[in-house]
Amino acid sequence: EASRVTAASRAIIEFDSFLLRRPWKQANAGLASAISRAMETLGGGEPPLAEVVRHLQDAAIREMQSPLSLKCISEILSTPTRTLQQGLLQSGQSFYGLRDRARHAAAKADLRAGHSVADTAHRLGYAQHQSFSEAFSRWQGSSPSVFASCGR
């Protein structure tokens, strides 16, 4: 559904109201492409919801350098946030648990590749270095600096 606004002597502006409700497509074409590729890798049939969310988070971290919010994923899947959360809970998963697993895997890869703890924290969407360090310690059982220095 496209709308047209016309100014007689100036110009014509067209917009698609569907795209305006999906700002992630306009904001980052690379992310939209990565999301499409991630969805294609899921293959045919109807994959489990947790698998879809995991693929989306992995693609976002790879392409956008940050995980997606619950709201953004619900928009991508055209599913209300509450329905998305309930569907994940029924499969024994949580949105935030899946996001943390994606962050953990990306953090380990970054630290192994020699990225600093501060850069890794920022890339994964943590506002403060300390919050990342606490989360990493909870996931890994050691601080990110110890993990990086051990070269695991």
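The values are calculated or read from the model by the stated rules, or taken from the named source; none is laboratory data. From a predicted model like this one, the values you see are computed outputs, not experimental measurements. Because the Cβ atoms are built from the backbone with ideal geometry, glycine has one as well, and the counts that use them run over all protein chains shown. Areas reflect the complete protein model, heavy atoms only, side chains present, ligands, DNA and RNA absent. Shrake-Rupley method; radii C 1.70, N 1.55, O 1.52, S 1.80 Å.
Starting with the highest mean, order 123-130, 72-79 by the number of other Cβ atoms within 10 Å, averaged over the residues of each peptide.
Put in order of decreasing packing, that is 72-79, 123-130.
Can you tell me the length gained on complete extension of the stretch Glu134 to Ser149, counting 0.36 nm per residue apart and subtracting the Cα distance?
3.7 nm
Give me the distance in nm between label points sitting 7 Å out from Cα along the Cα-to-Cβ direction at Ala118 and Tyr96, one decimal.
Distance between the two pseudo-spin positions: 2.8 nm.
If I ignore ligands, DNA and RNA and count only protein heavy atoms, how much of Arg99 is accessible to a 1.4 Å probe, in Å² to the nearest 10?
Probe radius 1.4 Å; accessible area of Arg99 about 50 Å².
Would you pull out the residues with amide H under 5 Å of Leu124's amide H, same chain only if 5 or more places away, H placed 1.01 Å from N?
none
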